[in-house]
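Shown next, in structure tokens, is the structure this report addresses.
The values are calculated or read from the model by the stated rules, or taken from the named source; none is laboratory data. Nothing here was measured: the structure is a model prediction, and the numbers come from that model. Quick reminder, even Gly has a Cβ in these numbers, built from the backbone with ideal geometry, and neighbours come from all protein chains shown. We work out accessible area using only protein heavy atoms, side chains counted, and drop any ligands, DNA or RNA first. Shrake-Rupley method; radii C 1.70, N 1.55, O 1.52, S 1.80 Å.
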Number of protein chains: 2
Amino acid sequence: MQRPVAEIFSQGDEVVTGEIADTNAAWLGRELTDLGFDVARHTTVGDCLEALVAAFREVAGRADLCLCTGGLGPTCDDLTAEAVGRAFGLPLELDENALAQVEAYFTRLGRAMPEVNKKQALLPGGSERLDNLWGTAPGFALQAGRCRFVFMPGVPGEMKAMFLRWVKPDLRRRFRLFPARLVILNTVGMGESALQERLDRVVLPLEVKLGFRAEGPENRVKLLSPANFPEAELHEVVKHAADTIGDAVFSIGSSDKPASDLASVVGRELAARRSTLYAVETLSGGKLANRCAGEPWFLGAAVIPDSAGFCRYFGIQPSDDFAQGAIEIVPRLREEECADYVLVQVARCDRDMLLDEAGTVEVRFVLAAPDGIWQQTRLIGGDIERKQSTAAALSLDLLRRYFLKKPGLQPL
Amino acid sequence: MQRPVAEIFSQGDEVVTGEIADTNAAWLGRELTDLGFDVARHTTVGDCLEALVAAFREVAGRADLCLCTGGLGPTCDDLTAEAVGRAFGLPLELDENALAQVEAYFTRLGRAMPEVNKKQALLPGGSERLDNLWGTAPGFALQAGRCRFVFMPGVPGEMKAMFLRWVKPDLRRRFRLFPARLVILNTVGMGESALQERLDRVVLPLEVKLGFRAEGPENRVKLLSPANFPEAELHEVVKHAADTIGDAVFSIGSSDKPASDLASVVGRELAARRSTLYAVETLSGGKLANRCAGEPWFLGAAVIPDSAGFCRYFGIQPSDDFAQGAIEIVPRLREEECADYVLVQVARCDRDMLLDEAGTVEVRFVLAAPDGIWQQTRLIGGDIERKQSTAAALSLDLLRRYFLKKPGLQPL
């Protein structure tokens, strides 16, 4: 069973010169692989018309699908439409709808559309417009040679939104795909090697391929199986793997049904109880609030990066036992903030500790709940970004474990 | 003055399928650009012999230099040497020195060399060996067509060490290089197209290339000039460009001296005054605190995503004029939080508005300073991530403008 051949094409001097790493290509590579394409090549070319024209022509003779990102902006170095026009002899035409959309974007911002943005409404003749509801640059798609070309903006947020909303469903209709089945086990608080060791005990059927995707505190375990692999047997394998890993698994998803992230898992529990959460962040420095912002159950957070501020906030003497002091105040916070649950990160940490990539910080995660106070203490290391996101994830994990009938938590 | 054309080539299924992002390519892209090469292309091909052979032949006719990573390992999917041999008719030969090195590596580990590793000592006939002092896989280099090929391991640590120790000095000897000068103007609060329009008025010398890089609220303007471009004239060009853009420019950097980010620009001003900052975040949902966390001048923030919470925090009736209510309280916050400066995002925003990618939110940025209250009102659109990071950046920008003798701010 031959899989259609796909390529990924990125445009931009900032990518070829290494100013930015091409995360779009990796993301699209995963999406296409999961869909069932054989991803044969990534190509990145700078903002050079001749090179773009040549590259598009090569791809047209080589692949069944080419997903392209970048070069759709309003500025002089955005050459994609022009290059496509030249490569395939399709003169650019003004797309009235595209123009209207670009204008509407600026109207929403209460500004007049700058003249230069008109350029973004010029599309190669005969191409299909892809509406951009997330920015100014409309995308477009066309057939050239054996290859279906899809052009999307380079801004990751706009590209991903456009791919998921318009492109992915269209690819499913357009190509005969036999995607390998991908099952993803989301875990939190367990390192990649710890997961690997656990799973070494699991005997997998030959057809099932085991993979890992490390994403800091949240690591994914991937089980890849052929489309025709028996449903029931796969179900067994997944259950066995999940049981072996244990309660570090917080959600399970598949190619078609994405697994919930940690905040939504916790959010469901809070919503089911019509309960609210307030947080006091120290180590995570705003990342916890940012993961919850916009959720109806999230009341807000106090972000207090340094210990001095923490003491002031809780009216503790810096000399005191920090955690003890905090634990005495936490219940009061539940009333003051009218919150059902209050989460506090208790950590003695200054700027140097935060920036010391070799060192670790001890964090006591304290949860004030209607039925008392619960806690969990963890050592957190890595660079500042890693420390912050780990602290944010483990805060949510404390709540999750609380709702999971509290495995691993100590009451007070 | 023509710069030599370079390409970067990566091999590996894990890269094309997006298992891992190709950080090697970005790193090498920066190194080559700084050396003075014109990096024209990145190509990534999976572990497929025919595809590799074809790709190497293409490059040989197109570039003066190609740096390749990956595919030098001992396993069956490591095909680089074989592919190079086929592409350029160079049968593989056992390199005794290479073999000795691989064996020595295992001896150091106190292990016997596995039979499979012998493969790593097979190099295309006539190629120059590059000793790997950091792992098992020796690299190699050869000339094919107009192109100098250099093959290095895919393990980032080994690749970087090998490049810096053997390859970089050799490239300096081998090519006549005139590194280009890159000047970057960091701007905030101005769209890419607005910048383009301003700069259209600037007449640039032919040798100076203008580029843009959109990063949401912070957009970069890039001026690329040849090494031999007169210093004084470049200085004039940069000054002219910066003056034309106006006070949206918050820092200027170059290839050798990176430009400061917005938080450090503001931080310098605060540090110089031995002053501290406290923030009340609504729309940015924790992103502002996260940009300041760990800075000595940052006391902390209250993150209050929704309007109801905002009213509770400020003791305002939801019916009241929001901004007015807040503005009356802000000065008091300076005392309560013992902060010299208090920054508040006043916005009437609920979850639906936050998630509505088509809609915009009006935010009044209010700064309580020792010399009174200053403010600036902006409309913010985009998806939730975009809204949040824009609100965070514009908050810092309000402080920056305040320290810049307040262009564009209204006092109260």
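Condition check ((1) of a type in the set (Ser, Thr, Tyr); (2) closer than 22 Å to A:Val346 by Cβ; (3) touching a Ser or Thr at 6+ places or on another chain (Cβ under 8 Å)) across all residues:
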| residue | (1), (2), (3) |
| --- | --- |
| A:Ala232 | no, no, no |
| A:His235 | no, no, no |
| A:Thr244 | yes, no, no |
| A:Ser260 | yes, no, yes |
| A:Ala272 | no, no, no |
| A:Ala279 | no, yes, yes |
| A:Ser284 | yes, yes, yes |
| A:Gly300 | no, yes, no |
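Could you tell me how many of the residues in the range B:93-107 are farther than 27 Å from B:Trp27 by Cβ and in a helix (DSSP H, G or I)?
Within the range B:93-107, residues that are farther than 27 Å from B:Trp27 by Cβ and in a helix (DSSP H, G or I) number 8.
Among the residues of the range B:126-145, is there at least one that is open to solvent by less than 20 Å² (accessible area, probe 1.4 Å), free of Cβ contacts under 8 Å to residues at least 60 places away in the same chain and not in a strand (DSSP E or B)? Let's see the steps before the verdict.
Restricting attention to the range B:126-145, the residues satisfying the condition of being open to solvent by less than 20 Å² (accessible area, probe 1.4 Å) are B:132, B:135, B:137-142, B:144.
If we keep only those that are free of Cβ contacts under 8 Å to residues at least 60 places away in the same chain as well, we get B:132, B:135, B:140-142.
Then drop every residue that is not not in a strand (DSSP E or B), which leaves B:132, B:135.
Among the residues of the range B:126-145, at least one is open to solvent by less than 20 Å² (accessible area, probe 1.4 Å), free of Cβ contacts under 8 Å to residues at least 60 places away in the same chain and not in a strand (DSSP E or B), which makes the answer yes.
Which of the residues spanning the range B:35-58 are out of contact with any Gly (no Cβ under 9 Å at 6 or more places or on another chain) and either part of a strand (DSSP E or B) or farther than 16 Å from B:Phe151 by Cβ (or both)?
Hits for the range B:35-58 are B:Leu35, B:Gly36, B:Phe37, B:Thr43, B:Cys48, B:Glu50, B:Ala51, B:Ala54, B:Glu58.
Return a yes/no flag: does the range B:284-297 have any residue that is under 20 Å from B:Ser264 (Cα atoms), in a helix (DSSP H, G or I), more than 7 Å from every other protein chain (Cβ to nearest Cβ) and open to solvent by 20 Å² or more (accessible area, probe 1.4 Å).
The answer is yes, given that some residue of the range B:284-297 is under 20 Å from B:Ser264 (Cα atoms), in a helix (DSSP H, G or I), more than 7 Å from every other protein chain (Cβ to nearest Cβ) and open to solvent by 20 Å² or more (accessible area, probe 1.4 Å).
Take A:Glu96 and decide whether it is surrounded by fewer than 18 Cβ atoms within 10 Å (Cβ to Cβ) and either more than 22 Å from the chain's Cα centre (by Cα) or facing chain B (nearest Cβ under 10 Å) (or both).
On the way: surrounded by fewer than 18 Cβ atoms within 10 Å (Cβ to Cβ): yes; either more than 22 Å from the chain's Cα centre (by Cα) or facing chain B (nearest Cβ under 10 Å) (or both): yes.
Yes, satisfied.
Among the listed residues A:Glu336, A:Glu385, which satisfies the condition of being without any contact (Cβ under 8 Å) to a residue 12 or more places away in the chain and closer than 15 Å to A:Ala279 by Cβ?
Numbers: A:Glu385 fails: closer than 15 Å to A:Ala279 by Cβ.
The unique qualifying residue is A:Glu336.
If A:Pro153 satisfies all but one of (1) within 14 Å of chain B (Cβ to nearest Cβ); (2) closer than 22 Å to A:Arg3 by Cα, what's the number of the condition it fails?
(2)
Just the residues that are in contact with a Gly (Cβ under 8 Å, 6 or more places away or on another chain) and either under 13 Å from B:Met152 (Cα atoms) or outside any loop (DSSP other than H, G, I, E, B) (or both), please, taken from the range B:60-78.
B:Ala60, B:Thr69, B:Gly70, B:Gly71, B:Leu72, B:Gly73, B:Asp78
Could you pull out the residue among B:Ala302, B:Ala279 that is under 15 Å from A:Gly286 (Cα atoms), in contact (Cβ under 8 Å) with a residue 60 or more places away in the chain, facing chain A (nearest Cβ under 10 Å) and of a type in the set (A, V, I, L, M)? Before the answer, list the steps.
Values: B:Ala302 fails: in contact (Cβ under 8 Å) with a residue 60 or more places away in the chain.
It is B:Ala279.
Among the residues of the range B:17-37, what is the count of those that are touching a helix residue (DSSP H, G or I) at 6+ places or on another chain (Cβ under 6 Å) and within 9 Å of chain A (Cβ to nearest Cβ)?
6
In the range A:40-52, what residues are crowded, with 19+ Cβ neighbours inside 10 Å and closer than 24 Å to B:Lys222 by Cβ?
The answer is A:His42, A:Thr43, A:Thr44, A:Val45, A:Gly46, A:Asp47, A:Cys48, A:Ala51, A:Leu52.
Yes or no, residue by residue, for (1) modelled with pLDDT under 85; (2) loosely packed, with under 15 Cβ neighbours inside 10 Å; (3) under 29 Å from A:Ile380 (Cβ atoms):
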{"site": "A:Leu206", "(1), (2), (3)": "no, yes, no"}
{"site": "A:Arg213", "(1), (2), (3)": "yes, no, yes"}
{"site": "A:Lys222", "(1), (2), (3)": "no, no, yes"}
{"site": "A:Ala227", "(1), (2), (3)": "yes, yes, no"}
{"site": "A:Pro230", "(1), (2), (3)": "no, yes, no"}
{"site": "A:Glu233", "(1), (2), (3)": "no, yes, no"}
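For the range A:6-34, which residues satisfy the criterion of being of a type in the set (Gly, Ala, Ser), part of a loop (DSSP other than H, G, I, E, B) and touching a residue at least 24 places away in the same chain (Cβ under 8 Å)? Spell out the reasoning first.
Residues of the range A:6-34 of a type in the set (Gly, Ala, Ser): A:6, A:10, A:12, A:18, A:21, A:25-26, A:29.
In the following step, the residues that additionally are part of a loop (DSSP other than H, G, I, E, B) were identified as A:12, A:18, A:21.
Scanning the range A:6-34 gives a single hit, A:Gly12.
Consider A:Leu67 carefully, then state whether it is open to solvent by less than 10 Å² (accessible area, probe 1.4 Å), within 13 Å of chain B (Cβ to nearest Cβ) and in contact with a Ser or Thr (Cβ under 8 Å, 6 or more places away or on another chain). Outline the logic, then answer.
Details: open to solvent by less than 10 Å² (accessible area, probe 1.4 Å): yes; within 13 Å of chain B (Cβ to nearest Cβ): yes; in contact with a Ser or Thr (Cβ under 8 Å, 6 or more places away or on another chain): no.
For A:Leu67, the condition - open to solvent by less than 10 Å² (accessible area, probe 1.4 Å), within 13 Å of chain B (Cβ to nearest Cβ) and in contact with a Ser or Thr (Cβ under 8 Å, 6 or more places away or on another chain) - is not met.
Say whether the condition of being out of contact with any Phe, Trp or Tyr (no Cβ under 8 Å at 6 or more places or on another chain) and not in a helix (DSSP H, G or I) is met by at least one residue in the range B:165-178.
yes
Mind telling me which of the residues B:Arg172, B:Arg165 ends up being of a type outside the set (Asp, Glu) and free of Cβ contacts under 8 Å to residues at least 40 places away in the same chain? Give the steps one after another, and end with the answer.
Numbers: B:Arg172 fails: free of Cβ contacts under 8 Å to residues at least 40 places away in the same chain.
Answer to the check: B:Arg165.
Within the range B:110-121, identify whether any single residue is within 25 Å of B:Asp13 (Cα to Cα), modelled with pLDDT of 85 or more, surrounded by 23 or more Cβ atoms within 10 Å (Cβ to Cβ) and of a type outside the set (D, E, K, R), and answer yes or no.
The answer is yes; a qualifying residue exists.
Determine which single condition B:Leu90 fails, assuming it passes every other condition in (1) assigned to a helix (DSSP H, G or I); (2) surrounded by fewer than 24 Cβ atoms within 10 Å (Cβ to Cβ); (3) of a type in the set (A, V, I, L, M).
B:Leu90 satisfies all of (1) assigned to a helix (DSSP H, G or I); (2) surrounded by fewer than 24 Cβ atoms within 10 Å (Cβ to Cβ); (3) of a type in the set (A, V, I, L, M) except (1).
Looking at the range A:53-64, which of its residues are open to solvent by 30 Å² or more (accessible area, probe 1.4 Å) and either closer than 16 Å to A:Leu90 by Cα or facing another protein chain (nearest Cβ under 10 Å) (or both)?
Kept after step one, since they are open to solvent by 30 Å² or more (accessible area, probe 1.4 Å), are these residues of the range A:53-64: A:54, A:57-58, A:61-62, A:64.
Matches in the range A:53-64: A:Ala54, A:Arg57, A:Glu58, A:Arg62.
Mind checking which residues of the range B:178-200 are within 19 Å of B:Leu234 (Cβ to Cβ) and out of contact with any strand residue (DSSP E or B) (no Cβ under 7 Å at 6 or more places or on another chain)?
Scanning the range B:178-200 gives B:Phe178, B:Pro179.
If you check A:Val155 against the conditions, is it among the β-branched types (Val, Ile, Thr) and without any contact (Cβ under 8 Å) to a residue 24 or more places away in the chain?
Working: among the β-branched types (Val, Ile, Thr): yes; without any contact (Cβ under 8 Å) to a residue 24 or more places away in the chain: yes.
It is true that A:Val155 is among the β-branched types (Val, Ile, Thr) and without any contact (Cβ under 8 Å) to a residue 24 or more places away in the chain.
Find the residue count for the range A:38-89, including only residues that are at pLDDT 95 or above and touching a Pro at 6+ places or on another chain (Cβ under 8 Å).
Of the residues in the range A:38-89, 6 are at pLDDT 95 or above and touching a Pro at 6+ places or on another chain (Cβ under 8 Å).
If you take the residues of the range B:248-263 that are among the polar types (S, T, N, Q) and surrounded by 15 or more Cβ atoms within 10 Å (Cβ to Cβ), which of them is farthest from B:Val238 (Cα to Cα)?
So the first thing to find is which residues in the range B:248-263 are among the polar types (S, T, N, Q), and the list is B:251, B:254-255, B:260.
Those still in the list that are surrounded by 15 or more Cβ atoms within 10 Å (Cβ to Cβ) too: B:251, B:255, B:260.
Numbers: B:Ser251: 12, B:Ser255: 14, B:Ser260: 17 Å.
Among those that are among the polar types (S, T, N, Q) and surrounded by 15 or more Cβ atoms within 10 Å (Cβ to Cβ), it is B:Ser260.
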